[in-house]
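Before any comments, here is the structure.
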Amino acid sequence: SSGINAEYGGYWGIRALGEPVRLILRYCDAEWKETTIEPTKEGAGKWFGQMKFNLGLAFPNLPYLIDGDIKLTESISIYRYLGRKFDLMPGGPEMSPGEAAEADMVEQIVMDLRNHLTRAAYSPQFESMKPALIAKLDARLGQLTTYIADKSFLFGDRVTYIDFMAFEFLEQLRVLSPESFKGMDAINAYLGRVASLPKIKEWLDSEECTSKVYSINSPFAPWPGMPPSS
């Protein structure tokens, strides 16, 4: 382990926005404990009734991350914090304004895909929204193919926190639209490289890997994205 302070992360027992946090912390071999809130009526009662306003969070929400005196909510803030803490920023600690802006752009492109998935998955009109979501995904996969080109990861040989966002959110979308990934050799090779990173492979191969047992969204969503084991 990297001798990091114990980090307390809290999220619903689903993949959604929490899985990139789990991937980053495992990749960095950090010591941490996750408080899992079951995506059930009882779990919601516990979160809203007992926990939400009693953790000292300035803007209470899920996911949250507590690392010593630092208490964060908002998933992007958590991803970026872990990126800075574990030296997973695209240009390293001394990023130029241009490198930082490019990182922000790619991060938001990746996050936008998850936001589109969220809007559709939780909508009663999911089936009618699905074709536009898949069209958006297909266009982005084409752009990402060009962007990745012959690089190992999104920003070259350096693994960044944005790679874990991209990996997880694209794998979620693959469950929704496997046909979108057929023939996308550069994208599939890129996702394979992330999955093959030693600590990530160990996690993905393990019995307790959350992406094997958790749904992508709430089990009550019109499109929950249930795990293969269910």
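The values are calculated or read from the model by the stated rules, or taken from the named source; none is laboratory data. Computed from a prediction, not measured in an experiment: that's the story for all the values here. So basically every Cβ, Gly included, is an ideal-geometry build from the backbone, and we count neighbours across all protein chains shown. Heads up: the accessible areas ignore ligands, DNA and RNA and are worked out on the full protein's heavy atoms, side chains in. Shrake-Rupley method; radii C 1.70, N 1.55, O 1.52, S 1.80 Å.
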Notebook entry, point to check: Label points 7 Å out from Cα along the Cβ direction at residue 196 and residue 96: separation in nm?
Noted result: 3.1 nm
Next item on the list: Determine the percent antiparallel among the DSSP beta bridges restricted to the range 1-86, to the nearest 5.
Entry: 55 percent
Check: Expressed in nm², what is the orientationally averaged projection area of the convex hull enclosing the Cα positions of the range 106-178?
Finding: 4.7 nm²
Margin query: Show log10 I(q)/I(0) for the range 9-64 at q = 0.18, 0.21, 0.25 Å⁻¹, two decimals, from a solvent-free Debye sum over equal Cα scatterers.
Written below: -0.63, -0.82, -1.04
Next item on the list: Kindly give Rg over Rh for the range 68-129, based on alpha-carbon atoms, with the Kirkwood expression for the hydrodynamic radius.
Entry: 1.12
Check: Tell me, what are the semi-axes, in whole angstrom and largest first, of the equivalent ellipsoid of the range 55-101 as set by the roots of 5 times the Cα gyration tensor eigenvalues?
Finding: 24, 11, 8
Note to self: Out of the GluC sites (Glu not before Pro) in the range 104-208, which ones are loop residues according to DSSP with at most 12 other C-beta atoms within 10 Å?
What the structure shows: 207, 208
Next item on the list: Please calculate the 1.4 Å probe accessible area of residue 164, with all protein chains present, and give it to the nearest 10 Å².
Entry: 0 Å²
Check: Across the range 19-24, in residue order, what do the Karplus-derived ³J(HN,Hα) couplings come to in whole Hz, using 6.51 cos²θ - 1.76 cosθ + 1.60 with θ = phi - 60° and x for Gly and Pro?
Finding: 5, x, 4, 4, 5, 4
Item checked: Compactness index (Cα Rg / 2.2 N^0.38 Å), the range 40-176 -> 1.22
Checklist line | Sparse-neighbourhood loop sites, chymotrypsin sites (Phe, Trp or Tyr not before Pro) in the range 14-85 - DSSP loop, at most 16 other Cβ within 10 angstrom | finding: 53
Checklist line | Shape call, the range 99-230: gyration tensor on alpha carbons, a/c limit 1.5 | finding: oblate
Next item on the list: Show that you can apply the helix-only estimate: for the chain, add -39,500 (n - 2.57) for every DSSP H stretch of four or more residues, divide by all residues, and state [θ] at 222 nm to the nearest 500.
Entry: -15500 deg cm²/dmol
Check: What are the ³J(HN,Hα) values, in whole Hz, obtained from phi via the Karplus relation 6.51 cos²θ - 1.76 cosθ + 1.60 with θ = phi - 60°, for each residue of the range 133-149 in sequence order, with x given for Gly and Pro?
Finding: 5, 5, 4, 4, 4, 4, 5, 5, 4, x, 5, 5, 4, 5, 5, 5, 6
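So with the 1.4 Å probe, I'd like the accessible area per residue for the chain, rounded to whole Å². If you can, show how the numbers build up before the last one.
On the way: 10880 Å² over 230 residues.
Normalised by residue count, the accessible surface of the chain is 47 Å².
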Check: The list (1) -0.29, -0.78, -0.99; (2) -0.22, -0.68, -0.94; (3) -0.48, -0.96, -1.11 gives values of log10 I(q)/I(0) by the Debye sum over Cα atoms at q = 0.07, 0.12, 0.14 Å⁻¹, and only one came from this structure; which label was calculated from it?
Finding: (2)
Next item on the list: Determine, from the Cβ-Cβ distance of residue 84 and residue 123 and an R0 of 30 Å, the FRET efficiency 1/(1 + (r/R0)^6), rounded to the nearest 0.05.
Entry: 0.30
Check: Taking 0.36 nm per intervening residue step and subtracting the Cα-Cα distance, what contour gain separates residue 135 from residue 226 on full extension?
Finding: 30.5 nm
Checklist line | With every protein chain in place, the chain: carbon and sulfur % of accessible area (1.4 Å) | finding: 55 percent
